[in-house]
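Worksheet: one structure, shown below.
The values are calculated or read from the model by the stated rules, or taken from the named source; none is laboratory data. Since the model is a prediction, treat every value here as computed from it, not as a measurement. When we count neighbours, we look across all protein chains shown, and the Cβ atoms used for this are built from the backbone with ideal geometry, even at glycine. Just so you know, the surface numbers come from the protein's heavy atoms only, side chains and all, with ligands and any DNA or RNA stripped out. Shrake-Rupley method; radii C 1.70, N 1.55, O 1.52, S 1.80 Å.
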Amino acid sequence: MVMDWVWGLVGGLLIGLGGAVYLLANGRIMGASGIIGGLVDGTGRRDAVERVAFLAGVFLLPVLLYPLYTSIDTHITGNWGVLIAAGLLVGIGTRIANGCTSGHGVCGMSRLAPRGFIATVAYILAGGLGVVLFRHVLGVI
Amino acid sequence: MRALFAFIAGGLFGSGLFISGMTDTAKVQGWLDVFGAWDPTLAFVMGGAMIPMAIAWIIRARRDTPVLGGTFPPPAPREIDRKLIIGSVLFGAGWGLAGLCPGPSLASLSYGGIGHWVFFVAMLGGMLVAPRLSIRLDRTVPAE
């Protein structure tokens, strides 16, 4: 358990470092939903190359790191109905709120943005209630 | 050059998500599940990520332009609108349901199996229709 926390902290530092590079070098806020969403709805066409390069890094580095681990289970549910509903909610919600865990959470809260804190409280409360409801009450997940 | 640094930033982000265990849906749901076996890992990840990012914002305040040119993002908007709340609540519900958010969803595509692709494609679908819903939310706001 404690090693999980240590790796969490190390991974967190790398995440923050990624955000720092993207801000200081490229002048952009590292928000995963915004970078992906801008490509999906066409609003990010102007800097599409930069976005694709960023996303390629997110996708590819785990490919390189994966062989270093003996076994990895992401514990994802096998229920496609749940996955589709969850994916739609995440896609719609992050674009309406204009940010997710990386944009509002990491980048927003670290510059003391009120919107970052409000969004983070809202999605954590909703996520917590969701898990309680769907796991303990309905038993879906 | 911009693409190279974007790739480096994305690579750091992706490796951080992978190493921290945030691509493990059980860890995310374990953090949200205060009535189950609560897993505090996510708080360490968030705390760890805040440190370099907070330093970056301090450095940003002392610079006029980004290293590669262009402009810095505008100051954080202070307006709390209902789109922020409604969107975040919808996002949180989906996050809790699957244990995935946009970054980890992409970082786990290569090895997580078919379920991760199902979630990812649904998420892209949600992002495609979101602007229409967003406009509707704007319209129904009473004039002030």
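Restricting to the stretch B:67-99, give me the number of residues that are surrounded by 15 or more Cβ atoms within 10 Å (Cβ to Cβ), out of contact with any Lys or Arg (no Cβ under 8 Å at 6 or more places or on another chain) and at the interface with chain A (Cβ under 7 Å from one of its Cβ atoms). The qualifying residues number 14. Collect the residues in the stretch B:15-35 that are more than 7 Å from chain A (Cβ to nearest Cβ) and without any contact (Cβ under 8 Å) to a residue 12 or more places away in the chain, keeping them in residue-number order. Within the stretch B:15-35, just B:GLY30 meets the criteria. Being part of a helix (DSSP H, G or I), open to solvent by 10 Å² or more (accessible area, probe 1.4 Å) and of a type outside the set (Phe, Trp, Tyr) is the filter here, so list the residues in the stretch B:1-16 that pass it. Selection gives B:ARG2, B:ALA3, B:LEU4, B:ILE8, B:LEU12, B:SER15. Of the residues making up the stretch A:91-123, those that are in a helix (DSSP H, G or I), within 7 Å of another protein chain (Cβ to nearest Cβ) and either surrounded by fewer than 20 Cβ atoms within 10 Å (Cβ to Cβ) or among the charged types (D, E, K, R) (or both) number 4. Every condition in (1) outside any loop (DSSP other than H, G, I, E, B); (2) more than 26 Å from A:ASP73 (Cα to Cα); (3) of a type in the set (A, V, I, L, M) holds for B:ILE80 except the one numbered (1). Cβ-Cβ distances below 6 Å connect the following pairs, each with a first residue in the stretch A:22-43 that is more than 7 Å from chain B (Cβ to nearest Cβ) and at pLDDT 95 or above, a second residue that is in a helix (DSSP H, G or I) and open to solvent by 10 Å² or more (accessible area, probe 1.4 Å), and a separation of six or more residues or different chains: A:GLY31/A:GLY103; A:GLY34/A:GLY103; A:ILE35/A:ARG51; A:LEU39/A:ARG51. Against the conditions (1) under 21 Å from B:THR65 (Cβ atoms); (2) open to solvent by less than 10 Å² (accessible area, probe 1.4 Å), A:ALA53 satisfies every one except (2).
The set of residues in the stretch A:126-141 that are facing chain B (nearest Cβ under 7 Å) and not in a loop (DSSP other than H, G, I, E, B) comprises A:ALA126, A:GLY127, A:GLY128, A:GLY130, A:VAL131, A:VAL132, A:PHE134, A:ARG135, A:HIS136.
Of all residues in the stretch B:34-56, those satisfying the criterion of being of a type outside the set (Val, Ile, Thr) and surrounded by fewer than 20 Cβ atoms within 10 Å (Cβ to Cβ) are B:PHE35, B:GLY36, B:ALA37, B:TRP38, B:PRO40, B:ALA43, B:GLY47, B:ALA54. Looking across the stretch A:68-90 at every residue that is assigned to a helix (DSSP H, G or I) and more than 7 Å from chain B (Cβ to nearest Cβ), the one that is least open to solvent (accessible area, probe 1.4 Å) is identified as A:GLY81. Every test in (1) open to solvent by 70 Å² or more (accessible area, probe 1.4 Å); (2) among the charged types (D, E, K, R); (3) at the interface with chain A (Cβ under 7 Å from one of its Cβ atoms) is passed by B:ARG60 save one, and that test is (1).
If the requirement is being open to solvent by 40 Å² or more (accessible area, probe 1.4 Å) and in contact with a Gly (Cβ under 9 Å, 6 or more places away or on another chain), which of these qualifies: A:VAL2, A:VAL10? Just a single option satisfies the conditions, and that option is A:VAL10. Is it true that B:SER105 is more than 7 Å from chain A (Cβ to nearest Cβ), of a type in the set (S, T, N, Q) and surrounded by 24 or more Cβ atoms within 10 Å (Cβ to Cβ)? Judged against the criteria, B:SER105 is a match.
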